[in-house]
Amino acid sequence: MPEFPSTYLTTALVNGKVSVTAQPFPHESLSEDTVVIKPDFMGICRADTKEIVGSRDIPTDRGPLFGHEFIGSVTFAGARTGFHQGDLVTFNPNITPTRTTGFAEYVFVHGTADRLDQAVIRVPEQDVLDNIWMPEPLACIVHATRKLLELTGFPSFEGKRVGIIGAGCSGLMFAMHAKHLDASVVVFNRGGMRRDFAQAQEILTGEEILPLAEAQAHRDTFDVVIVVPTIVTTDLLETAAAMAVSGGVLHIYGGTRSTDRFPGTQVNVDTIRRGERIEPVTYQEKPLAVSGAYGCFKEDYEEAFRLHADHPTDFPVERLVSRHITLDEFPEIITDIAENTKDFPGKVIVGIGAREPELGRFTRSRSGSR
Ligand SMILES: NC(=O)c1ccc[n+]([C@@H]2O[C@H](COP(=O)([O-])OP(=O)(O)OC[C@H]3O[C@@H](n4cnc5c(N)ncnc54)[C@H](OP(=O)(O)O)[C@@H]3O)[C@@H](O)[C@H]2O)c1
């Protein structure tokens, strides 16, 4: 049994308030069915911030997402878990609600070996701690792209014209994946900051990223419009519908609530997204299909790792990282992001360890246990 401290830092989200406190280390919870992970890095996801302000419906089968993107090493593996101390892992939040938040020095996941095998994902890239990227968001994009092809029956993306609404992390990764599959891509983003970031990081060219206000000039243009803003509003659905060709597909990925309907119809876009369905709609006499995708599986992580390893130029996901912060800075910064008083493009990474002042990023704090 490894030695653990008597207390550890963890994060609480209670009534919209985020705090980091030292809690007693729960030695009694280290069972044969427990994996304890010590994260090196966590990612802030838009879903985390939506849970702070209460604008996200939380599915009971998987629980809250707050603190679900992280990479770290297994520091305790119960005898029945199938894991080993030192395994480099990440996490799939779509499998089990029996886990603690990832915004902490230790994360506790309990379950059967089968469940843990799906929820705790081995990371094949040992250098991910030096070239940080978060596997979960890319696994979700891999899944959503695969689902789109499956639902539409398209044999491939080759030659398809794909419009994307939203140049957040998800929109940019959709663009990477669609281009990799030989589609042509234009991303439309409301604000200038994310457009500038996408170009400065050489993720998109000037022709591939445009102001959302220019979407009107691209009516009846795209075979597929992927809708990836924080909240999928009626206005944005209308914009997406206008951008699509007759017979085109609107793929819904950004935030939806249980009562959201496609404009002028009873078609529930939240059911389509969370249930990963496709339904026909008509918008201003134009026939369209609305599809959606939600979450991901272990095989999507494996495909994400394969794509990144085999095609690093097509998937420059490390370039999405825009800022490194400490766990001490985390409560204030994530609250500011949630309340829209601060905004950062790309991915904000929370690190455990000492920050290199000149680089503004973290050095690794691990003791070489692997
Ligand atoms: N379906 C799934 O499985 C799945 C998985 C992961 C995430 N998501 C959801 O996907 C959404 C986007 O995630 P992300 O990681 O890309 O977030 P992000 O990096 O924070 O980006 C948010 C994007 O939404 C845009 N936006 C926000 N409000 C807008 C508005 N009123 N009109 C137009 N654009 C607006 C932002 O544009 P500006 O630059 O103009 O602010 C930005 O492009 C989130 O809701 C997240 O929960 C879904």
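Brief remarks on what is shown
- Measuring only protein heavy atoms, the 1.4 Å probe finds residue 70 accessible over about 0 Å².
- Under 5 Å, built H, 5+ apart or other chain: amide partners of residue 91: 70, 121
- Amide hydrogen proximity for residue 325: with H placed 1.01 Å from N in the peptide plane, the residues at 5 or more positions away or on another chain lying under 5 Å are 349, 350, 351.
- Among beta bridges that DSSP assigns inside the chain, antiparallel share in %, nearest 5: 60
- In sequence order, segment 44-51 has phi-based couplings of 8, 10, 4, 5, 4, 6, 5, 5 Hz under the Karplus curve 6.51 cos²θ - 1.76 cosθ + 1.60, θ = phi - 60°, and Gly or Pro positions carry x.
- Considering only 290, 226, 155, and ranking their Cα positions along the charge dipole of the chain that arises from unit charges at the beta-carbon of Lys, Arg, Asp and Glu, the one farthest toward the positive end is 290.
- Length-normalised contact order of segment 136-292 in % [C-alpha pairs under 8 Å, at least 6 apart]: 19
- Restriction of the chymotrypsin sites (Phe, Trp or Tyr not before Pro) in segment 140-233 to DSSP coil positions whose beta-carbon has at most 14 other beta-carbons within 10 angstrom yields no sites.
- 3J(HN,Hα) along segment 231-236, derived from phi through the Karplus expression 6.51 cos²θ - 1.76 cosθ + 1.60 where θ = phi - 60°, amounts to 10, 7, 7, 4, 4, 5 Hz, with x in place of Gly and Pro.
- Cross-link pairs exceeding 32 Å between alpha carbons, from the set 38/160; 286/342; 179/286: 38/160; 286/342.
- Residue ranges 159-170, 29-40 sort as 159-170, 29-40 when ordered by packing (mean number of other C-beta atoms within 10 Å per residue, highest first).
- Calculated P(r) tail over 22 Å for segment 136-292, as whole % of Cα pairs: 33
- Using Cβ point charges alone (K and R +1, D and E -1), the dipole size of the chain about the Cα centre works out to roughly 420 debye.
- Inter-part distance, segment 87-115 to segment 187-243, computed on C-alpha centroids, equals 34 Å.
- All lysines inside 16 Å of residue 298 as judged from Cα atoms, apart from same-chain residues fewer than 8 positions distant: 147
- Environment charge at residue 146 (Cβ cut-off 10 Å; Lys +1, Arg +1, Asp -1, Glu -1): -3
- Pairs of Cα atoms nearer than 8 Å and 6+ residues apart set the relative contact order; for the chain it is 17 percent.
- Per-residue HN-Hα couplings for segment 290-300 [Karplus 6.51, -1.76, 1.60; θ = phi - 60°; Hz; x = Gly/Pro]: 10, 10, x, 8, 8, x, 6, 10, 3, 5, 5
- Global form of the chain, assessed from the alpha-carbon gyration tensor, a/c cut-off 1.5: prolate
The values are calculated or read from the model by the stated rules, or taken from the named source; none is laboratory data. Predicted model, so just to flag it, every value in this text is computed and none were measured. In this analysis, Cβ positions are derived from the backbone assuming ideal geometry, glycine residues included, and neighbour counts consider all displayed protein chains. For accessibility, only protein heavy atoms count, side chains too; no ligands or nucleic acids. Shrake-Rupley method; radii C 1.70, N 1.55, O 1.52, S 1.80 Å.
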